[in-house]
Each structure stands twice: as C-alpha cells, then as structure tokens.
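So the structure is just underneath, and the comments pick up after that.
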Amino acid sequence: MSNIGSYNERVKNFSWQIAEKDLGYKPGDVINIGWYCTDRICQQGKGSKVALYWEGFTGNEKTYTYNDIRLATNTVGAFLRGLGLKDGERVCLFMDRIPELYLGFLGVLKIGAIAQPLFSAFGDESLFVRLSNAETSAVITQKKHAPKVRKILDKLPHIRHIIIVDHDGVSPLKDREVGFSLEKAAPVEHLDIHPTKAESPSVLHYTSGTTGMPKGVQHVHYSLISQYLTAKWALDLKDDDIYWCTADPGWVTGTSYGIIAPFALGVTQCVLDAGFSAEAWYKWIQKRRVTMWYSAPTAIRSLMKAGDEIVKRFDLTTLRHLASVGEPLNSEAVVWSQKVFGKPFYDTYWQTETGCIVISNYPGMEVRAGSMGKPFPGITGTVLDPVKNEPYTTHGKIGLVGLKFDWPSRMRTYWNNEEAFQKKFRNGWYITGDRSKLDADGYFWFAGRDDDIINTAGHLVSPFEVESALLEHPAVAESAVVSKPDSINLEVVKAFVALKPGFTASKDLDLDIMNFIRKKLSPLAMPQEIEFVPALPKTRSGKIMRRILHAKEWGEEIGDTSTLEND
Amino acid sequence: MALEGLKDIVLNYVTKEYLEDDSETLTYDSPLISGGIVDSFSMVSLKRFLENKYAIQIPDDKATPEAFDSVNKIATLVEEFVAKKG
C-alpha cells in the first residue's frame, strides 16, 4: 500500500496540518530544519539508525547514524558560531558531494544562518555573481575548489571566512582562510539551536533568468512541511527504505529531496560521489540494496544508451519505486524502465521557486507515460490562456502552467529583487515559465518553456549569462545563445558568434571559446556547438532575434520577420 | 599503432584544462570521468581537443564515459581512429 493511498481521497480531505501533525509542529512554534532532520529523529529513538551511506570516487566509504549526523551538525554549527557567524548571514557551501556538504548544510541551518549551496563545477564568474548578490559572509569549500574563491576574493568584501574542510593542517592558509576537519573536531553534544520560526529564511538557491543575472530564490524553514509530505506521498518514502537521490545539492532537488525531506522522515539515504557510468550506478544500487531511486531523465536516457544487457549483470530487485525530475520524462524512458526494472519511473514536476513537488504521478495512480501527472493535493494548478491570463475552459490547449501560490515551501522572494518576484505573477497565478496542456482527466502534459531559458540535463542555463561571458572573450564581437536539441540532455547550449576584425574562425578558436565559458561559468553553460556567422539577425532597433536562431535549430517555423533588419 | 607522446599530450592537456587543484597529480590511469575530474559536459571539449589535434572524428557512440575514463583509455581510442584514417 502506498503512503498516499487514494489520490482522489487525499485531494478531497487535504490540509497541510497533516504534515504539521506528523512533525509535531503547531503554528507559532520554533521550526528549525536542522533540528528536525537530526535531533528529532534521535528523540524518536532512531539515533543508531543509519542516516547516510556515502562513497567517494576512490571507493572510500563512510557511514553515519542519525546520532552521528546530530553530533556532526552540532559541531559544524558550533564552529561557525565560534567564527562569529550569526543568524541571517549567508553561508555558501561550495563542495563536491562529500559528507561535509550534507552535514554543513544542516549545521548552517541549526545556527539560523542561510545556507547557500552552489554547484562545485561553477567557474569563478558564476561564483562571483552569486556570492556578490547574496553578500555572502562565509564559504565552506574544499582545497581543490579554494583557488576559484581566491581568484575573486578581492571583489567580495563581505566574505569574512573561507572554511576549508580538508585542510591538512600544515599548508599555509591564505587571506581569510581557516581550516576545519569534522573528523578531528571534538563532537559537540549540545548546541543551542537557533529558534527560527516558520518564516525565517533557510536556503538560498540561485536560478537562471532570461534577461538578467541569476536570481536568489529565498526559502524559509516552514518549507519543511511540504517537502516532508511530498516526499512521503509522491516519492512514497517509508521508514525502511534505502533511498538514493542522484541530484547534487548545488541544485534544489539535492537539498529538498537529497537532504531535508529524507532526513526529516528518518530514512536511510545513500550518496555516491562519483562521475556517471551505468556500471557504477547499477553496482551502487546492488551494493546498497536501494529501494527508492529518485533520478533525472538525462541519467535515465544515458542508462538506456548503455543498453539492456548490462542491467542483467546486477541484482536490482530491491528497487520498489522510481521517480524522476528535472526535465520532462519522455514516454520511451517510462516504457524502458518498465521493461528492464519491472516498474516505471514516475515523473515529478517542480522547480527551484516551488521548493517541492507540485505536479506528479503518484504510486497507486495510473502513470500516463510522458505526462507530468496531477497537482499535489492542496496545490491548485492550471493551464492559462497566455493572452487573457485565465484558465482555459476547454482541455487540450497549450498554455502557461499557473499555480495558486499558497503552499508552505513556495519561495518567499528573490534575494534583493522583489520586483522580479512580483513579475512572476499574472492575474493571481504564479507563472512557472513552462507551457503545458491538460487532458480531460486532469493530467498535465509538458510542451516546452515559455522563455529562452535552456534546460540542459535538468539544469537551467540563461542565454543572457552565456552571451555576457562570451563578450569577454577577446575574439567575440557579439553572440546569440540558444538551445539545441540533444538526445541525452534534452537541450544543450549552442552559440552563434560573430568575430571581431582580425580574428578568423578556426577549430582551435572554437575550442578556446568553449573552454573559456566552461571555466568562467560552468561545464553546463559551455556551448557544445559554436557557429561562426558574419552577423546576427537583429531587429531594426538592434535587438538580436534569438527566436529566429532557435527556430532554425529546432526545425520550426521562423514566424514573423517583419521587424528583421535587412530582411 | 602507438603515437609518439600521445599520452603525455593528453595528460598535460587534462591537467592544464580540467584539474582545479594544482597540488593534485594525475597518472595515465587516474579515473577522469568516474573520478569527477572531467564531467560529461566537459567531455565534449576534451573530445573536440583530440579531434582537432589528431584530425580524427570520434563518433558519439564511441565517446562514452568508459572510453574517456583515463589517459590510457583515451590513448587507445585515439590510436584506433588514427589507424582507421590510415
């Protein structure tokens, strides 16, 4: 029997108080995610239960019980307090998927500071814009990533501390750096947890915008309520599960469902900090006897590419439930997983701003392969006519996905950018930026983005950010960045580049520009193809017409070109 | 067919372009993809480097994470395509 039981019954009788009651929370109480994920589980008598199985790329392993993570997060919290860090300050976590990332995240929350996780593959420019926008006070990182922080430190006066978690204790530390070893530090048995309330800020995740620089999506401690219940009902997490969320906590899935929800539920989860290979992944599922697996379409398509034969070499019979997030899950992947694993991947839909799953396929409800599913109980979703900004009255029409913005884990604002936050609403509906249609039974079917944002392997990349970075390359006069279809990653970045006089297109220049963006922004933002063009299509007022280039890449109609210069 | 200096050229390129920590040293057998030094996106630029340098085309179905997982494996792959080129 699934946790959700009957979806229709849950919809009829829904209240977020179900989660509040489960968690022993009453309005007005202190609510601190760090405490709920560690101390509370220990108080329930589960201190000796395994909270985290971790394995690194060299095969080194670590296992933490709930009592271990309670102590470790206390220790991190006490160390940060000792440095003078206070509630409300932003503390960035810039690490690979090592235990310190997971434990550091909760330690930051325990002292009431705001956790700002950033993807460790970010280049110095991506890092700079996010740290500078958040006016971050401290960065917790590893020795290998510290050079990127040092490179931009002069421009970041707000940073007081760079905490290096794997410092050998011998090498000289540089400006503002301090070494910290969780293994060597004396465990802190008691930490005064900061008495955060429902609306106290908790997590700041950065997301890409179409026309501006990345925006900091600000969440609060009350987000726990819907992260907990969606993990319980949509992911069907149960007490005896061995759960594997493949997402990196540099992105929201890796925190909402890779840290907060599973630990708040007292579930055992496992983390594999290694690059992707089908063999390594299947081996991990077999070794850890994974029962619930939450992954992404790009990974699933990569596994499909590796073939069916390799699956037979491993015992994957422990898997009981599979779910996917990040991009639309194509029906072929659902059919394939049914064939090779004996069960389908259940697609879930949400975004950084929603903080939790908002539309999903649920255990016990018919999975319609290729569909996003139905709104989570208590969440009202619709498809809006993009002109009238009102819900369509008939089914089957493609429009904007709109949500009534009233569930606990919705973002509260964009950091220092309330104006951008307000622009996300039309006629009382929160506009996700995705297009979809509804069928007669209320299932949503994804139809694409409503803006120029590129969704590559489930990560959003802003064309504006890539174009801005391209302009800093000495050979680039101007550029336009669009998505290009890709069989594995859904979309990849493609750049059209016009060169400055004196530069000639060549394979070496092409590679040089690719590497320039990879190091400056991130591997995700690196154009996988660069097309050198003499000039870019522009309107008569000089604005680059990305949509013409986009249409060309996707084989679509170019549409109205009446404003095109030199048409 | 063994190409002169191939492994060192690849090793130096990977060290220069992808290794963030100067104090880390790579060998011909260091795991590049599974070791998190080169991710699947960055693999595209590494593939492009090899194609430019050795004037070859490596089809996508041969450019797998397994085939790119160490300098030794990359060298084997490059040698195969250089030999095919004749």
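The values are calculated or read from the model by the stated rules, or taken from the named source; none is laboratory data. Everything quoted here is computed from the prediction, not taken from an experiment. Cβ sites come from the backbone with ideal geometry, for glycine too, and all protein chains shown count toward neighbours.
For region B:72-84, does any single residue satisfy the condition of being surrounded by 15 or more Cβ atoms within 10 Å (Cβ to Cβ), without any contact (Cβ under 8 Å) to a residue 60 or more places away in the chain and at the interface with chain A (Cβ under 8 Å from one of its Cβ atoms)? For region B:72-84, residues surrounded by 15 or more Cβ atoms within 10 Å (Cβ to Cβ), without any contact (Cβ under 8 Å) to a residue 60 or more places away in the chain and at the interface with chain A (Cβ under 8 Å from one of its Cβ atoms): absent.
Within region A:428-465, the set of residues being among the aliphatic types (A, V, I, L, M) and farther than 26 Å from A:Ile300 by Cα comprises A:Ile431, A:Ala440. Considering region A:99-174, the qualifying strands (runs of 3 or more DSSP E), each wholly inside and each with 1 or more residues that are surrounded by 17 or more Cβ atoms within 10 Å (Cβ to Cβ) and within 14 Å of chain B (Cβ to nearest Cβ), run over A:138-141, A:161-164. Answer yes if at least one residue in region A:311-319 is away from chain B (no Cβ under 14 Å), surrounded by 22 or more Cβ atoms within 10 Å (Cβ to Cβ) and not in a loop (DSSP other than H, G, I, E, B), and no otherwise. The answer is no; no qualifying residue exists.
Yes/no per residue for (1) modelled with pLDDT under 95; (2) surrounded by fewer than 19 Cβ atoms within 10 Å (Cβ to Cβ); (3) part of a helix (DSSP H, G or I):
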site	(1), (2), (3)
A:Phe14	no, yes, no
A:Lys21	no, yes, yes
A:Lys26	no, yes, no
A:Ile31	no, no, no
A:Lys62	no, yes, no
A:Asp68	no, no, yes
A:Arg81	no, no, yes
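Is it the case that some residue within region A:31-52 is under 18 Å from the mean Cα position of the chain (by Cα), small (Gly, Ala, Ser) and more than 14 Å from every other protein chain (Cβ to nearest Cβ)? No - not one qualifying residue is present in region A:31-52. Can you pull out the residues in region A:496-510 that are crowded, with 22+ Cβ neighbours inside 10 Å and touching a helix residue (DSSP H, G or I) at 6+ places or on another chain (Cβ under 6 Å)? Result: A:Phe496, single match. Taking the conditions exactly as written (within 14 Å of chain B (Cβ to nearest Cβ), out of contact with any Asp or Glu (no Cβ under 7 Å at 6 or more places or on another chain) and closer than 22 Å to A:Ala296 by Cα), does A:Ala505 satisfy them or not? No.
The residues listed here are A:Leu511, A:Leu471; of these, the one that is of a type outside the set (Ser, Thr, Tyr), modelled with pLDDT under 95 and not assigned by TED's automatic domain parsing to the domain that holds A:Ser277 is A:Leu471. Among the candidates B:Leu19, B:Leu32, the residue that is buried (at least 20 other Cβ atoms within 10 Å of the Cβ) and within 10 Å of another protein chain (Cβ to nearest Cβ) is uniquely B:Leu32. Among residues of region A:199-218 that are closer than 23 Å to A:Ala525 by Cα, those with a Cβ under 8 angstrom from a residue that is assigned to a strand (DSSP E or B) and small (Gly, Ala, Ser), sequence gap 6+ or separate chain, pair up as A:Leu204/A:Ala115; A:Leu204/A:Gly216; A:His205/A:Gly216; A:Tyr206/A:Gly216.
Which of the following residues is touching a Gly at 6+ places or on another chain (Cβ under 9 Å) and on the phi > 0 side of the Ramachandran plot: A:Ala469, A:Ala457? Exactly one residue qualifies, and that residue is A:Ala457. Taken over region B:39-65, the criterion of being at the interface with another protein chain (Cβ under 10 Å from one of its Cβ atoms), crowded, with 16+ Cβ neighbours inside 10 Å and more than 17 Å from A:Val493 (Cα to Cα) is satisfied by B:Phe49, B:Glu51, B:Lys53, B:Thr64, B:Pro65.
In the condition set (1) buried (at least 17 other Cβ atoms within 10 Å of the Cβ); (2) without any contact (Cβ under 8 Å) to a residue 24 or more places away in the chain, A:Gly448 is compliant with all but (1). Within region A:302-335, the set of residues being under 17 Å from A:Gln286 (Cβ atoms) and among the hydroxyl-bearing types (Ser, Thr, Tyr) comprises A:Thr317, A:Thr318. Considering A:Leu182, A:Leu191, which residue is surrounded by 15 or more Cβ atoms within 10 Å (Cβ to Cβ), under 18 Å from A:Leu109 (Cα atoms) and over 27 Å from the mean Cα position of the chain (by Cα)? Of the residues listed, the single one that is surrounded by 15 or more Cβ atoms within 10 Å (Cβ to Cβ), under 18 Å from A:Leu109 (Cα atoms) and over 27 Å from the mean Cα position of the chain (by Cα) is A:Leu191.
Only one of A:Arg518, A:Arg547 is buried (at least 20 other Cβ atoms within 10 Å of the Cβ), outside any loop (DSSP other than H, G, I, E, B) and either at pLDDT 95 or above or not assigned by TED's automatic domain parsing to the domain that holds A:Ala121 (or both). Can you tell me which? If you could, list the steps in order and put the result at the bottom.
Working: A:Arg547 fails: buried (at least 20 other Cβ atoms within 10 Å of the Cβ).
Within the list A:Arg518, A:Arg547, the selection yields A:Arg518.
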